[in-house]
Amino acid sequence: MNDTQDVVLRDDEITPQLLKIVGEARQDITLVTPYIDLWGHLQSAIQRAVQRDVKVTVLLRREGDKVGGDGVKAKESVSWLVENGVAVYSPENLHAKVYLNEHAVLISSMNLTESSATNSYEFALLVSGPQAASRIREYVQRRLLELASPFAPPGSGPSRVAVREPKAGYT
């Protein structure tokens, strides 16, 4: 990794970078976070991305029958994502926070919650080195998505598919 290209972000520097990743995407966006409570600016950015025909995928932690957290705001956020054409997946035991598009990778301590974005001390690394960014994208695609179940809202049929076995090299 070429450290001269990577950027360390703190606290109030992270949300603008996250919004930039969503806003500048032309092909795909993947947002990986255990917990979710969407706020207005992020919802608007996601809506605009979907309108640009950007494939938006969100991975949220699954704990029993709860996805993205156990509060009303998490349920509302997950419903909003599905209603707005976002693919939602739910791996168990997810703790990673990674936000990426085809050009940028942000690894962060910040959950996609308004509280984390406005009230928490957070830290992030914007990964610019192509080798490191590629390895992170590969991990998200080959490990996290492979272990995830597509989210289906209640009443829409089977809520989970069989969990796939991890690929070789990711144990």
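The values are calculated or read from the model by the stated rules, or taken from the named source; none is laboratory data. Computed from a prediction, not measured in an experiment: that's the story for all the values here. Because the Cβ atoms are built from the backbone with ideal geometry, glycine has one as well, and the counts that use them run over all protein chains shown. To get the accessible areas, we keep the full protein, side chains included, count just its heavy atoms, and leave off ligands, DNA and RNA. Shrake-Rupley method; radii C 1.70, N 1.55, O 1.52, S 1.80 Å.
Only one of the numbered conditions (1) of a type outside the set (A, V, I, L, M); (2) farther than 16 Å from S116 by Cβ; (3) modelled with pLDDT under 90 is violated by G68, and that is (2).
Right, W80: among the aromatic types (F, W, Y) and without any contact (Cβ under 8 Å) to a residue 60 or more places away in the chain or not? When the stated conditions are applied, W80 passes them. Is it the case, given these coordinates, that Q27 is farther than 24 Å from A133 by Cβ and out of contact with any Leu (no Cβ under 8 Å at 6 or more places or on another chain)? No, not satisfied. Screening L125, L112, L94 for residues that are open to solvent by 40 Å² or more (accessible area, probe 1.4 Å) and not polar (S, T, N, Q) leaves exactly one candidate, L125. Looking at I107, I46, just one residue is open to solvent by 10 Å² or more (accessible area, probe 1.4 Å) and β-branched (V, I, T), and that residue is I107. The conditions of being farther than 20 Å from K20 by Cα and either at pLDDT below 85 or β-branched (V, I, T) (or both) are met by R160. Answer yes or no as to whether V8 is part of a strand (DSSP E or B), touching a residue at least 24 places away in the same chain (Cβ under 8 Å) and surrounded by fewer than 17 Cβ atoms within 10 Å (Cβ to Cβ). Yes.
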